[in-house]
Amino acid sequence: NAGGGGGGVGDAGGAAAAAAAGNAGAAVGAAAGVARREDGDESSTTMVMVEWVNGADMGRYEGNLCRLQPYDMINTLGLTTADLASVSRRSFAGKRRWFNTQRRKLLRDAKPLGNYSVAVRRDYILEDSLRELTGSKSRPRLFRRPWRIRFEGEPGIDQGGLTREWWSLIMQRLFNMNSGLFSYAATDTVTHTINPLAPLVSDDYRQQYHFVGRLLGKALLDGQTIDPHLNRPLLKHLLGVPVSFSDLEFVDSSLHQTLGWIINNDGVDLLSIYYTVDEERLGELHCVELIPGGSEVMVNDRNKHDFVKRRYRHAMLDKISDPLGALLDGLYEVIPLGIISVFTPGELELLLCGVSEVNVDEWQASTLYSGGFRSTSPTVIWFWRIVRERLDNEGRSKLLQFVSGTSRVPSGGFKTLQGQDGEIRRFTIERICGGDDEPPRAHTCFNRIDLPTYSSEKILTLVLENLIMGEVDGFNMV
């Protein structure tokens with residue numbers, strides 16, 4: 001099963017690169033969801049629309065998020081599409097330096113407004129934060145002002161420590177599984193995705209997702225790292241780049257396998273599948289028709305590609321379009337899409353969550369080998385020497401991200417890495433056929449990297465350095 005969403009560092013730049021490639025405006029079909037904001041005093045209207053984009057062929061199905069913004073978030077900084085496309089080709093370090101310059105401009109514009117005091121009670125931190133930051137006086141510019149946090153009933157002046165504590169606590173509340181807003185991705189219990197059942201759990205879910213979007217924008221502007229890691233498709237949505245069929249694995253790995261089988265095999269009519277989806281909602285089973293009268297239309301070899309497209313769209317876009325639209329609307333109010341569109345999904349994760357210290361000794365000690373590799377194999381020895389001596393901590397995080405789908409190391413260390421089935425799947429290096437021209441392949445479901453027996457340490461060094469610099473297409477994944 002091809003699984004291209006997992007690595008991150010091999011992507012082309014975000015929406016900026018997509019636009020430069022001529023993909024802008026490719027969306028066709030009806031909108032799946034729309035979020036609109038009207039901000040009177042700033043004379044602006046923001047609309048985020050979730051739309052469908054035709055893939056290059058029937059084996060590739062892609063969705064795209066299109067921005068319709070009369071208040072042009074890119075041109076407010078005097079940037080052009082060519083500017084963004086040029087920046088998107090830089091290294092991550094170069095992009096980050098450029099991004100820091102742009103975000104400081106936004107922060108500088110709001111500086112005359114002064115600090116904003118946020119008073120919250122610990123036991124009601126989410127409720128009080130929503131009241132303080134989403135009320136009638138709350139404008140996007142508020143999220144560009146410096147905040148000073150005060151915990152009611154507690155002494156102390158916020159010199160940065162209280163703000164960091166507030167960020168930690170508010171993220172815990174918003175991304176806690178009990179909140180109903182987010183659920184774990186299908187491939188792990190580390191990364192988060194939008195819970196499609198959220199509209200059934202909370203009446204004010206749109207306000208909460210809008211708040212999350214604004215907070216993500218605030219975190220990016222302030223250089224504030226957050227603990228929750230987002231899964232690959234959601235990171236792509238934030239950047240406005242297409243999600244691909246392989247990204248379905250991060251949302252529903254079983255459906256990804258099933259649809260992959262349907263695409264590649266004949267005799268589909270023997271499966272007795274119809275244009276319907278059975279969904280459990282709060283304990284009750286509901287039948288959703290993918291087309292009018294879908295419960296009467298059986299899938300066969302003639303219409304299977306149309307069915308796969310509709311079933312994929314339902315899983316990846318339709319089920320989450322409303323909360324996703326609210327989240328994106330909040331994000332783009334605070335930070336222009338243009339200045340984050342230069343990043344890849346993997347780079348955006350590093351920007352949001354920071355780079356954790358990677359313990360190479362523990363990583364190596366917890367690694368398994370297969371396909372004929374041993375810990376004493378020359379390629380394996382070279383691999384660990386390169387990781388230890390040639391890569392810095394950021395490079396190690398990108399390599400881990402390529403193989404496992406996230407740069408985050410579980411709290412229990414590398415020995416507790418999990419696969420999509422929730423079972424322990426240790427980092428594995430497997431030998432495959434091929435020579436120096438064969439690129440590495442990652443199996444994010446199993447935390448495994450496939451390597452051929454390269455002819456020299458110099459070649460492997462070049463391969464790994466190009467990989468983490470985004471110059472290798474690491475998304476030919478399985």
Computed lengthening from Trp261 to Glu165, 0.36 nm per intervening residue step minus Cα-Cα distance: 29.8 nm
Amide H within-cut-off set for Val297, under 5 Å, with H built and near neighbours excluded: Tyr275
Kirkwood hydrodynamic radius of the range 179-235, from inverse mean 1/r over distinct Cα pairs, in Å: 12.2 Å
Rounded, prolate or oblate, given the Cα gyration tensor of the range 191-327, with a/c below 1.5 counting as rounded? prolate
Over the heavy atoms of Asp436, what accessible area does a 1.4 Å probe trace out, to the nearest 10 Å²? 60 Å²
Full extension from Leu197 to Tyr369: what is 0.36 nm times the residue separation minus their Cα-Cα distance, to one decimal in nm? 57.9 nm
Pairwise centroid distance, computed over Cα atoms, of the range 443-471 with the range 342-421, Å: 12 Å
If you count, for each residue, the other Cβ atoms within 10 Å and average over each peptide, how do 87-93, 374-380 line up from highest to lowest? 87-93, 374-380
Over the range 138-267, average the accessible area per residue using a 1.4 Å probe and give it in Å², no decimals. 38 Å²
Given 4 °C and 1.567 mPa s, how large is the Stokes-Einstein diffusion coefficient of the range 313-411 in µm²/s, with Rh as the Kirkwood radius over Cα pairs? 78 µm²/s
Using DSSP, restrict attention to beta bridges with both residues in the range 340-469 and report what percent are antiparallel, rounded to the nearest 5. 35 percent
Rounded to the nearest 10 Å², the accessible area of Glu296 using a 1.4 Å probe with every protein chain kept is 150 Å²
If you find the alpha carbon centre of the range 171-191 and of the range 206-241, how far apart are they in angstrom? 13 Å
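Among the trypsin sites (Lys or Arg not before Pro) in the range 99-128, which ones are in a DSSP loop with at most 13 other Cβ atoms within 10 Å of the Cβ? Mind listing them?
Taking the range 99-128 and a limit of 13 other Cβ atoms within 10 Å, the loop trypsin sites (Lys or Arg not before Pro) found are Arg121.
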Under the Karplus curve 6.51 cos²θ - 1.76 cosθ + 1.60, θ = phi - 60°, whole-Hz ³J(HN,Hα) for the range 321-334, x wherever Gly or Pro sits: 4, 5, x, 5, x, 5, 5, 5, 4, x, 4, 6, 5, 8
Derived scalar couplings ³J(HN,Hα) [the range 361-371; Karplus, 6.51 cos²θ - 1.76 cosθ + 1.60; whole Hz; x for Gly, Pro]: 4, 5, 4, 5, 5, 9, 8, 10, 10, 8, x
Over the range 140-284, what percent of the accessible surface lies on carbon and sulfur atoms, probe 1.4 Å? 45 percent
Value of relative contact order over the range 302-447, rounded to a whole percent, pairs C-alpha under 8 Å and six or more apart: 24 percent
Given H placed on each backbone N at 1.01 Å, which residues far from Arg148 in sequence or on other chains put an amide H within less than 5 Å of it? Tyr116, Ser117, Val118
Each residue of the range 260-269 in turn: what ³J(HN,Hα) in whole Hz from Karplus with 6.51, -1.76, 1.60 and θ = phi - 60°, glycine and Pro shown as x? x, 5, 4, 4, 9, 10, 9, x, 5, 4
So how far apart, in nm, are the two label points at Leu107 and Glu152 if each is 7 Å from Cα heading toward Cβ? 3.0 nm
Protection proxy (average C-beta count within 10 Å per residue), highest first, orders 141-147, 321-327, 226-232, 126-132 as 321-327, 226-232, 141-147, 126-132
To the nearest 10 Å², what's Thr276's accessible area with a 1.4 Å probe? 40 Å²
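The values are calculated or read from the model by the stated rules, or taken from the named source; none is laboratory data. Worth saying up front: this structure is predicted, and the values here are computed from it rather than measured. Cβ atoms come from the backbone with ideal geometry, glycine included; neighbour counts cover every protein chain shown. To get the accessible areas, we keep the full protein, side chains included, count just its heavy atoms, and leave off ligands, DNA and RNA. Shrake-Rupley method; radii C 1.70, N 1.55, O 1.52, S 1.80 Å.
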